[in-house]
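The structure under discussion appears below in the form of structure tokens.
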Amino acid sequence: MGQIHQFVGTRVVCVLVTATLLLTVAGLASSQTLTADAPWFGVPMPPALEPHAPPVILGTRGVVPAVVPLGDGEHPELTGASIRADLETIVRFSRTSRDRREIGAGQLWGRITGFRSGAETVAWAVREFRGAGIVDTRLQRFEQDADASFWLPLSWNVSLIADPAFGSGSADVALTTAMPLAPSQLPVGGVTAPLVHVGGSSAAELAQIVVDGAVAVQHVTPRAHTVFERNPTVPRARALFERGALAVINVVEHPGNVRARDFSNCGGPCFNLGGRDGLFLETVMDRASEAGVLDRMRVQLTLDVDSRSGLSGQNGVAIIPGTEQPEEMIIVNAHADAWFDGAGDNGDGLAVLVALAKHFAEPQDRPRRTFVFVVSAGHHSPGLHGPRNFVTMNPELAQRAVLALNIEHVAQRNLSLARSLAEDGYREFVADAGEAPVVAGVSNGAPFLEGLFATGVSRYGVNFVSGPSTMASGEGGGYRSLDVAIVTTMQAPPLYHTSGEVLEVISTPGLERMARFLTFFLTEIDRSTREALNP
């Protein structure tokens, strides 16, 4: 029996179960008897991908309500309902991208810089700024770097090939959550090859496993956000290709059955697979091994890709002149683009930014310093970096900056492992009454700024992690040339970069909590000295 490891981190409490134990639980908990007389040894079929459905249990209990501290004022533009209405509009741009098959067959969709969906999202935000009475608004177009190209998968398929030895009535099974990773390529007609399971593909495991001429299956158990799994997952995939693997399938133990776009440059054709698709694949491989027919397990991979260059992006900019110190500038940034519905990354951050712009546009709430709101493009599109282009295209603004604030995925609900198992034996995730933890990054570690985040917990109930960080995300990195404090608010939940990042997993009170805190935060730094911001 495998070991059970418990990790308590980023407030998502995950019981991580090794592949062996997971498969044992699956076999015992299934409502169907596993028998070679049924298709695929009687293993329950995985559910098909549901593009816009939450992959977790939400239940009927609500989220802890947002609190308006005494003296803050109601401010209707900061209410959760108002911000959520904007978030719904933002997500519709993604869903429209899928409906019109903006990329190939529509298996990949989102708000993508260089495409209509990305441009429409930014243009909508600028209209919102103008509607709020902000006079100085700009749509600033920029071109993709000449040496950059954007790898895009147009259509693909990952199917297990049936064999009579797997049970009467077995038919080929398409694993619908499969997601090819950049810059994978396959020959015309694809690849059909045997499967070899390599577990976690550690050095000790690989020393005893032959993958030459096969498709390797490695198991990945994220502790939260898959960014934390890029190293070791990518180096291990590269090691598999060095040992002769024809392709690699990463079984990513995400909640439910979702398509996940993360990891890249794996050294060869690489696909992610959702949790329940992965459970089916691994369980069937176990049953085939027990029946002595594992050598008959084969998979077919097909992939059609394109590489785009010469694309254009656009940033949306809104400038609210300061009433007392207009020569000093505070930048507030949120990126507009997203993979899939992108309600969390970064729909919620963009919706909060729009709410803040509406608030500070009110005559009674005008800032002392100049506030510049940037709806940045290109977060996911190579060679189209919004913040860097904002700095290049607006030197007269950039040189006056005293601080840059980046708002990036801030209101997803917190998820925990449920005690219940799904019909196929998969361990379910359930949302609780709060939001996933938020990292507060302060690039220069300024004590004054760190103190404001402590107040955010006590005054507004924002679930900031307890320790300081100097993290600045890819968006924040675009402002490093300004040599001022870069502040980042960012969650790291497990549904990041997945098709499961839908509206239902976003906390409406969480949107309000973050908007009210950031209103307080910006008001306080607007009143502070430059030395306090950049000691």
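The values are calculated or read from the model by the stated rules, or taken from the named source; none is laboratory data. Nothing here was measured: the structure is a model prediction, and the numbers come from that model. Neighbour counts run over all protein chains shown; Cβ positions are idealised from the backbone, glycine included. Just so you know, the surface numbers come from the protein's heavy atoms only, side chains and all, with ligands and any DNA or RNA stripped out. Shrake-Rupley method; radii C 1.70, N 1.55, O 1.52, S 1.80 Å.
Given the criteria under 21 Å from the mean Cα position of the chain (by Cα), touching a residue at least 24 places away in the same chain (Cβ under 8 Å) and open to solvent by 10 Å² or more (accessible area, probe 1.4 Å), does N272 qualify? For N272, the condition - under 21 Å from the mean Cα position of the chain (by Cα), touching a residue at least 24 places away in the same chain (Cβ under 8 Å) and open to solvent by 10 Å² or more (accessible area, probe 1.4 Å) - is not met. Pairing each residue of region 96-114 that is without any contact (Cβ under 8 Å) to a residue 12 or more places away in the chain with any residue that is open to solvent by 10 Å² or more (accessible area, probe 1.4 Å), provided the two are 6+ apart or on different chains, yields C-beta distances under 7 Å for G106/R98.
Considering only residues in region 172-200 that are farther than 17 Å from Q218 by Cβ and under 27 Å from the mean Cα position of the chain (by Cα), the one that is surrounded by the fewest Cβ atoms within 10 Å (Cβ to Cβ) turns out to be Q185.
Just one of (1) over 28 Å from T177 (Cβ atoms); (2) touching a residue at least 40 places away in the same chain (Cβ under 8 Å); (3) small (G, A, S) fails for G292. It is (2).
The set of residues in region 249-296 that are of a type outside the set (G, A, S), over 25 Å from L417 (Cβ atoms) and part of a loop (DSSP other than H, G, I, E, B) comprises N265, C266, P269, V293. Listed by first and then second residue, the pairs with beta-carbon distance under 8 Å, at least 6 apart or on different chains, first residue in region 167-181 and closer than 18 Å to F271 by Cα and among the β-branched types (V, I, T), second open to solvent by less than 10 Å² (accessible area, probe 1.4 Å) and not in a strand (DSSP E or B), are V173/W40; V173/F280; T176/D277; T177/V258; T177/G274; T177/D277; T177/S499.
For region 44-103, give me each residue that is over 30 Å from V173 (Cβ atoms), touching a Pro at 6+ places or on another chain (Cβ under 9 Å), surrounded by fewer than 18 Cβ atoms within 10 Å (Cβ to Cβ) and modelled with pLDDT of 95 or more. Correct list: V64, P65.
Here is a yes/no grid of residues against (1) of a type in the set (A, V, I, L, M); (2) not in a loop (DSSP other than H, G, I, E, B):
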| residue | (1), (2) |
| --- | --- |
| A171 | yes, no |
| T177 | no, no |
| S184 | no, no |
| V211 | yes, no |
| V217 | yes, yes |
| R223 | no, no |
| F228 | no, yes |
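In region 223-233, the condition of being modelled with pLDDT of 95 or more and basic (K, R) is met by no residue. Being within 29 Å of the chain's Cα centre (by Cα) and either within 26 Å of R427 (Cβ to Cβ) or surrounded by 14 or more Cβ atoms within 10 Å (Cβ to Cβ) (or both) is a property that V211 lacks. Checked against the criterion of being under 30 Å from Q144 (Cβ atoms) and small (G, A, S), region 96-104 contains one or more residues that satisfy it.
Among the residues of region 478-535, those that are open to solvent by 20 Å² or more (accessible area, probe 1.4 Å), within 25 Å of R223 (Cα to Cα) and hydrophobic (A, V, I, L, M, F, W, C) comprise M490, L503. Residues that are surrounded by 15 or more Cβ atoms within 10 Å (Cβ to Cβ) and farther than 28 Å from C270 by Cβ within region 140-166 comprise Q140, F142, A165, listed in sequence order. Checked against (1) open to solvent by 10 Å² or more (accessible area, probe 1.4 Å); (2) touching a Ser or Thr at 6+ places or on another chain (Cβ under 6 Å), N444 passes all but condition (2).
Annotation: of all residues in region 447-462 being surrounded by fewer than 18 Cβ atoms within 10 Å (Cβ to Cβ) and of a type outside the set (A, V, I, L, M, F, W, C), the one that is nearest to L533 (Cα to Cα) is P447.
Checking each residue in region 393-427 for being part of a strand (DSSP E or B), of a type in the set (G, A, S) and open to solvent by less than 10 Å² (accessible area, probe 1.4 Å) picks out A401, A404.
Among residues of region 401-418 that are over 19 Å from R369 (Cα atoms) and at pLDDT below 95, those with a Cβ under 6 angstrom from a residue that is open to solvent by 10 Å² or more (accessible area, probe 1.4 Å) and of a type in the set (D, E, K, R), sequence gap 6+ or separate chain, pair up as S416/D432; L417/R427; A418/E428.
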